[in-house]
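K.L.:
Structure in structure tokens, see below.
Please treat every number below as a calculation from the coordinates, not as lab data. This is a predicted model, so every value here is computed, not measured. Note: ideal-geometry Cβ built from the backbone for every residue, glycine included; neighbour counts use all protein chains shown.
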DNA sequence: AATGAATGAGCATTCATTCAT
DNA sequence: TATGAATGAATGCTCATTCAT
């Protein structure tokens, strides 16, 4: 479950400063990548929007792809952070699952652009980076797997064990769909949409409504 | 619901020749875009792979984006073609839905790369083109909407009418997920995977298993 | 004696045009490299001085190093061409050697800058190219070796066979010295200088003056 | 004939410290320049290899070219130092010349890389520096001139006076050739090579073998 | 004196598109 | 219609040098 945090090269020694500057960079880059895509965004634009000079940018990062990786990692961290809270709530497995699904969908709504960004641009990542990004996505799937098992054990969920993995994948897909297909989903009210998605997974998990 | 087929500019008069050459272009470009992505593919490469000269390419197309559009349109046509057959089969709404879902998932498996391509690269499309591409995708959603209504009418599906649209979207999302998340789904056997996905939607549609 | 001519990559199909344009490029580059050195010369400058656009330059060449290689090869060809004539003259080995040495020194005077260029910049060549450039230089050494053997055979030169190679090297070095050390040799009159150098080698070759 | 030692700018007052630090710098730079050439070596690399910070480097030197100059001067000093000893030996002019030539060739073998460095990179020196570097090289030539005159006077060398300068140049060139053309000379054994070179000059100087 | 982060002009190279033939 | 050479703006990245601390 723990991933070796990949180290991005930097010329700068003070780690706190590196953290800070990279935050600026990521902040600027997310915006730009969302607007124009990775390939149509220039490093010059990123530097400017970060408040850094062209050269300074490359003190904190070695390639443009590094920036994309930092962006993807940041987004996944954000998703996991927002999800973390709801996992500490009390309740049976089914109840916790419902909560988690709902939270996840909310996060997907809030972070539509960022999720889309990852799907659209991760192809541009060098393989090493891509592997880590996918691993981080799997961590979210892992959360749902754990909740499903919990529910199966406490009897609140009826599901053959060999369906757990696949359904956890579906749960994530169902949520991400909100981001992917937003242009088609704008017609629906938020609460209805979320309820439907959550319900869809719960039914498949054999939770009585 | 029908969209006027957008006209792509060409210098060439004979429409049959245009059709033919564009077929060559699309054929070459699909392959290249899948392998390297839209931005990393050069028009030179496309020309070469199409058996055209640099200049000739631009007789049949005005910009690189035109090619991407032709590619997306071609893929959607292919999807609809492959789906069309199963719609003429007899049976109640639920039965036809099951068939359609299954076929759709099969198509998604067969055309993984192409589906992924559309999602990853359509951002590069000029707005006018993007609109048409999305409209074509909606046509597939429309197919599932129609089947759901059919089932509701003949009593084989229990679903409040206001859920129809959303569920049709889910059906498409469920299928496309197979393409998007294939790296996570490689572990599962094809038949199991498809059955699960189809079942998921049918349950949500209130079809008794 | 024949070297596999290394092929430099080009986008252009017509070989005659390639030859022509590369001639322009080499012509411009020699001048610039002599003036400012390889590293201080920009490809833009070379393009401009060749009468080509930035882009066109790269239709005939793949990297800046390619240009340096073309330049070195051109210079060596020129040297060999100028030397070739005097080799067909009649006379005993010693006489032909004297002629060749004199011609070679003349060429070194005429091509001072170019010779210096090769020595100063060949370090920047990729290994494959460097090998070929050195091989071409060895061809000149080979000419002197052949003449020495000729003289030994016809009795006009007294030299143990195991000194032939080393002396051929010296002959070339003695000539190239005129290029390398011209700043120190400006003081001497051309004819005296050349005579001295030729004499030096002939003596070492055991030719009675 | 003596040149005012050029003053390189520095921010630092204590001359002993300047001497010390510059020694570090030169030591690091020689190595790097030999390996990668002047232009491909960055000041950052030099600073790091010297154990100095980026900023500190520029306290002891004003430009990158200053470093190259210091390096060249250092090398020449080293050459002269190594040569100095053999000049104090007793013997007639011819004998001393033979000794000096041999020592010089030995130094050239030992300092191949450094000699090559000077020839390849001195073009990058600002004119003022270049003049001094050439002047230092002439000092070595001067040594051989002096020895030749000594031999002429004591009768051990037969040479018209107007050939002295030119032959002294040749002596240096002959030695340096060992460095320049080492790729071609690897085939020969050291002692043979040196003996040949020394003999070549002695013959030209009219010293009976 | 020393540090090391910041600057920004500069460079090799690419590539969509045009156009003379 | 077709060819393929030409264009030139744009881009990712480097690095000598400066300067606040």
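K.L.:
Can you tell me the mean projection area, over all orientations, of the convex hull of segment B:93-147's alpha carbons? Units nm², please. Mind dumping the intermediate values first?
P.N.:
Numbers: hull surface 15.8 nm².
Taking the Cα atoms of segment B:93-147, their convex hull projects to 4.0 nm² on average.
K.L.:
For Cα pairs less than 8 Å apart in space and 6+ apart in sequence, what is the mean separation divided by the residue count of segment C:11-62, i.e. the relative contact order in percent?
P.N.:
Working: 33 pairs, mean separation 22.2, N = 52.
Across segment C:11-62, relative contact order equals 43 percent.
K.L.:
Kindly put A:118, D:67, A:152 in sequence by how many other C-beta atoms sit within 10 Å of each C-beta, fewest to most. Spell out each step's value before the answer.
P.N.:
Numbers: A:118 24, D:67 27, A:152 20.
Exposure proxy ranking, most exposed first: A:152, A:118, D:67.
K.L.:
Which three semi-axes in whole Å describe the equivalent ellipsoid of segment A:11-62, each the square root of 5 times a Cα gyration tensor eigenvalue, listed largest first? Don't jump to the answer; show the numbers that get you there.
P.N.:
Values: eigenvalues 79, 24, 13 Å².
Working through the eigenvalues yields semi-axes of 20, 11, 8 Å.
K.L.:
Would you mind checking the tilt of helix C:164-180 against the longest principal axis of the Cα atoms of chain C, expressed as 0 to 90 degrees and rounded to 10?
P.N.:
The angle comes out near 60 degrees.
K.L.:
Note the distances from residue A:85 to each other copy's matching label point, with points 7 Å along the Cα-to-beta-carbon direction, in nm, sorted shortest first.
P.N.:
List, nearest first: 5.2, 8.0, 9.1 nm.
K.L.:
Turning to a different aspect of this structure: Got the residue B:65 label distances to the other copies yet, label 7 Å along Cα→Cβ, in nm, shortest first?
P.N.:
Here the equivalent label points are 2.7, 3.9, 4.9 nm apart from this one.
K.L.:
Please arrange B:174, C:139 by counting, for each residue, the other beta carbons lying within 10 Å of its beta carbon, fewest first. Intermediate values should be presented prior to the final figure.
P.N.:
Values: B:174 25, C:139 15.
Arranged by neighbour count, lowest to highest, B:174, C:139 become C:139, B:174.
K.L.:
May I pose another question? I want to verify a result. In a Gaussian network model of chain C, Cα cutoff 10 Å, which of these has the top mean-square fluctuation: C:182, C:88, C:131?
P.N.:
Most flexible of the set in this elastic network: C:88.
K.L.:
Something else: Report the convex hull volume per residue for the protein assembly as shown, counting only C-alpha atoms, in Å³.
P.N.:
On the way: hull volume 190.9 nm³, N = 836.
Enclosed volume per residue, from the Cα hull, is 228 Å³.
K.L.:
So, one more: How far apart are the residue C:40 label points across copies, placing each 7 Å from Cα toward Cβ, in nm, shortest first?
P.N.:
2.0, 4.0, 4.4
K.L.:
Separate question: With 18 Å as the cut-off, how large is the P(r) tail for segment A:32-76, expressed as percent of Cα-Cα pairs? Don't skip to the answer; put the middle values down first.
P.N.:
Details: 204 of 990 pairs.
Value for segment A:32-76: 21 percent of Cα pairs lie more than 18 Å apart.
K.L.:
Now, a different point. Explain nothing, just the number: relative contact order of chain B, from Cα pairs under 8 Å at least 6 residues apart, as a whole percent. Don't skip to the answer; put the middle values down first.
P.N.:
Values: 202 pairs, mean separation 44.8, N = 209.
Relative CO of chain B lands at 21 percent.
K.L.:
Now for a separate question. What's the percent breakdown of Cα-Cα distances in segment B:68-208 across 5 Å bins, shortest bin first?
P.N.:
Each 5 Å bin holds this share of Cα pairs: 2, 10, 20, 21, 19, 14, 9, 3, 0.
K.L.:
Pairing the Cα long axis of helix D:190-204 with the longest principal axis of chain D, what angle in degrees results, from 0 to 90 and rounded to the nearest 10?
P.N.:
60
K.L.:
Another question, then. Taking the Cα atoms of segment A:1-157 alone, what are Rg (to one decimal) and Dmax (as a whole number) in Å?
P.N.:
Considering segment A:1-157 through its Cα atoms, Rg and Dmax are 17.9, 59 Å.
K.L.:
What residue in chain C has the Cβ closest to the axis turning C into D, and how close is it in whole Å?
P.N.:
C:39, 2
K.L.:
Now for a different question. Test of understanding: in a Gaussian network model of chain A with alpha carbons linked when under 10 Å, which of A:42, A:192, A:63 would top the mean-square fluctuation ranking?
P.N.:
So, out of A:42, A:192, A:63, the one fluctuating most is A:192.
K.L.:
Next up: Going by alpha carbons, how many degrees (0 to 90, nearest 10) lie between the helix axis of A:15-36 and the longest principal axis of chain A?
P.N.:
Helix A:15-36 sits roughly 70 degrees off the main axis of chain A.
K.L.:
So what are the radius of gyration and Dmax for the Cα set of segment A:138-209, in Å?
P.N.:
Rg, Dmax (Cα atoms, Å): 13.1, 39.
K.L.:
Where the centre of each part is set by its Cα atoms, how far does segment A:158-180 sit from segment D:48-120, in angstrom?
P.N.:
For segment A:158-180 versus segment D:48-120, the Cα centre distance is 73 Å.
K.L.:
Neighbouring Cβ atoms within 10 Å as the yardstick, rank C:181, A:98 fewest first. Can you show the working numbers first?
P.N.:
Working: C:181 19, A:98 22.
Listed from fewest to most nearby Cβ atoms, that is C:181, A:98.
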